[in-house]
1. How long, wide and thick is the range 11-139, going by the Cα atoms along their three principal axes, in whole angstroms, largest first?
2. For the range 123-139, take each phi angle, set θ = phi - 60°, evaluate the Karplus expression 6.51 cos²θ - 1.76 cosθ + 1.60, and give the result in whole Hz per residue in order, putting x for glycine and proline.
3. Give Lys103/Lys157; Lys103/Lys159; Lys116/Lys168; Lys159/Lys202; Lys116/Lys217; Lys103/Lys202 a once-over and call out the pairs whose C-alpha atoms are over 18 Å from each other.
4. Compute the Cα gyration tensor for the range 102-206, then decide on rounded, prolate or oblate, letting a ≥ b ≥ c be the square roots of its eigenvalues: rounded whenever a/c is under 1.5, prolate when a/b is larger than b/c in the other cases, and oblate in all that remain.
5. Using a simple charge model, +1 on the beta-carbon of Lys and Arg, -1 on the beta-carbon of Asp and Glu, nothing else, what dipole does the chain show about its Cα centre, in debye to the nearest 20?
6. Rounded to the nearest 0.05, what FRET efficiency do Glu184 and Ser69 give with R0 = 45 Å and r taken as the Cβ-Cβ distance? Could you check?
7. So if I place +1 on the C-beta of Lys and Arg and -1 on the C-beta of Asp and Glu, and nothing else carries charge, what would the dipole magnitude of the range 102-206 be about its Cα centre? I want it in debye, nearest 20.
8. Expressed as a rounded percentage, what relative contact order does the chain have, with Cα pairs under 8 Å and six or more residues apart?
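A short reminder: the numbers here are calculations on the coordinates, not readings from a lab. Owing to the predicted nature of the structure, the values given are computational and were not obtained by experimental measurement. Don't worry about glycine lacking a Cβ; one is built from the backbone with ideal geometry, like all the others, and counts go over all protein chains shown.
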Amino acid sequence: MIVSGTIRKMQTELQETVQYYMVFRDEFVHANQLLDHHITIKHVANECLNCGLDKKIWRQGFCYDCFSSIPQAGDWIMKPELSRAHLDEEDRDLEYEKKVQLKPHIVYLANSSNIKVGVTRQTQIPTRWIDQGAHEAVAILEAPNRYLAGITEVALKEKVADKTNWRKMLTNDIEDVDLLRFRESVLDLIPEEAREFILPVKEETHIHFPVLQYPKKVSSVNLSKTPEHSGKLIGIKGQYFIFESGKVMNIRSHEGFVVDLKVD
C-alpha cells in the first residue's frame, strides 16, 4: 500500500487505547493498523498549511512568510499570557484573536515524563493531553479567556515545569506521582483574579497508548535532512511514531511535508 499526502497533526480518539488517524486530502490512514509493519516515509515536496505553496516549511507547518504574518502563528499561541483580545487590542487580526482567545481555556497538570502545567482551549480536552503523550492528566481551572489561563500557567511555573522531556516520555521513563495531591499543592500559586475559576476536584484522566514495546534509547528522524526513513513501527505516543530501531518521528514537526507512505 502506498499513500501520498501532506502531513498534519494526527487526529485522535480517546478509547481504551488511543486511536490515531493520519488525515490526508482525499483519504486517511488508521495509524494503529500500521503497528508491527515495516513502513517507509519519503519526503517528496512541501505544502504550506496556509498558502498551499511548495515552499520550505519554517514552523508549525507554515512557510516563513505565512508564519510571520498570519494570526494562527502569533506569539500568544505559544505564550498565552500575551493574549490581548480581552482588551480589544489587536496583534495580527483582532477578529480571529477574539474568536480563539475569548473562549473557555483549561489550565491543567499532565504527567508525560514529569508533571507539567499547560493551557489549552476547553474543546481540546483530552486531545491536548494525548498529543503530549500524557499517561495521566487533571484540570485545575477553566478560565473565560486565554489571558487569565496564561497568567495562571506563568504563576504555576514557579513550581511546575512547562516542558515535556520527550526522550523520557518515549522510553516510558515516567514518574509515579499522586496528581490530585500535587494539584492541591499548587492552588495557592494561582493569581487572585483567576481563583474564582478553580474547578471542583475530579478524578484524573488515564490514557493508554498503542505501544508494542518501548525502546531503551531514542533518536530523532528529520526528513528535511534525510528525506526517507524506513523501519518497523512498534508504537505511537503523543504525536510520535516509534520505530523498532529506536528512531522516533515527531509528526507535528513534519506538518506541511508532502510524503509518500509505503506499508509492506
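1. So the three principal-axis extents are 52, 40, 25 Å.
2. Those phi angles translate into 6, 9, 9, x, 3, 4, 5, 4, 4, 8, x, 7, 8, 7, 7, 8, 7 Hz.
3. Details: Lys103/Lys157 23 Å; Lys103/Lys159 27 Å; Lys116/Lys168 13 Å; Lys159/Lys202 21 Å; Lys116/Lys217 22 Å; Lys103/Lys202 22 Å.
From Lys103/Lys157; Lys103/Lys159; Lys116/Lys168; Lys159/Lys202; Lys116/Lys217; Lys103/Lys202, over 18 Å: Lys103/Lys157; Lys103/Lys159; Lys159/Lys202; Lys116/Lys217; Lys103/Lys202.
4. Details: a/c = 1.76, a/b = 1.52, b/c = 1.16.
Since a/c reaches 1.5 and a/b is larger than b/c, the shape of the range 102-206 is classed as prolate.
5. Values: 34 positive and 39 negative charges, 172 e Å.
It works out to roughly 820 debye.
6. Values: r = 43 Å, r/R0 = 0.96.
Efficiency for this residue pair is about 0.55.
7. Details: 14 positive and 17 negative charges, 83 e Å.
Computed charge dipole of the range 102-206: roughly 400 debye.
8. On the way: 556 pairs, mean separation 80.1, N = 264.
Reported relative contact order: 30 percent.
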